[in-house]
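Working notes, beginning with the structure itself.
The values are calculated or read from the model by the stated rules, or taken from the named source; none is laboratory data. Since this is a predicted model, take the numbers as computed values, not measurements. Here the Cβ is made from the backbone with ideal geometry for all residues, glycine too, and neighbour counts use every protein chain on show. All accessible areas refer to the heavy atoms of the entire protein, side chains included, with ligands and DNA or RNA removed. Shrake-Rupley method; radii C 1.70, N 1.55, O 1.52, S 1.80 Å.
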Amino acid sequence: MKEDRRIFQEFIQKSSDIKEVWEIAKLFEEERERFKQESLNYETEIKQAKKLLKDFRSQCAIIKKEVAELQAIKDEKTKEIQTLKEDIFKQKIKNNISRLKKEKDDIKNEKKDEILPKPIELIDIYLKDGSIAKAKPTKRVFTDALYKRYRVILKENKSLKEQILEFELENSKLKIELRDFYAEDMLKTKSNSKED
């Protein structure tokens, strides 16, 4: 519409100079050629823009595919890291348990000789003049009833010590689990805050 108005105004301006009909035809013919050339230029530009848009869409699809692949790799690596953390945690617990068992066995072996009563080999005898003499006992110092009772109490004491060691082991395991869960929770919180 604007183009038609422009052509018409141009025609009116040149109308005083136009003397022949062919000049009018020439004016319209020039405008038509110019319009054709502009149309061809626009079509070329549109084709180029379409081709460029197609290339961009193709690149966008390739990038989206790569992003999806990278996300899948990231998820897989995250699962692997989680599995490794769990394995490390289990290994730490196993190591702690084996260390505590070894310590318990060492304590048992060291204290075994000290705990059990041994027969007295020598005893001190105080003489009338205040001096001390060494002598071998002729009979057992402890009665059978006292010895049996000592053995029962010793066994009870031993089982109580083992229970205490087991409770300490369980307590140390729970402390480790609590610490790891706390650390894991902190890591999740940090990763969630980074994502947001």
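Points to keep in mind about this one:
- In Hz, Karplus ³J(HN,Hα) per residue of region 38-49 (6.51, -1.76, 1.60; θ = phi - 60°; x = Gly, Pro): 5, 4, 5, 4, 4, 4, 4, 4, 5, 4, 4, 5
- Using the 1.4 Å probe convention, the accessible area of region 156-196 works out to 90 Å² per residue with neighbouring protein chains retained.
- Environment charge at ASN171 (Cβ cut-off 14 Å; Lys +1, Arg +1, Asp -1, Glu -1): -1
- Each Lys or Arg adds one and each Asp or Glu subtracts one; over the other residues with Cβ under 13 Å from the Cβ of LEU53, this totals +3.
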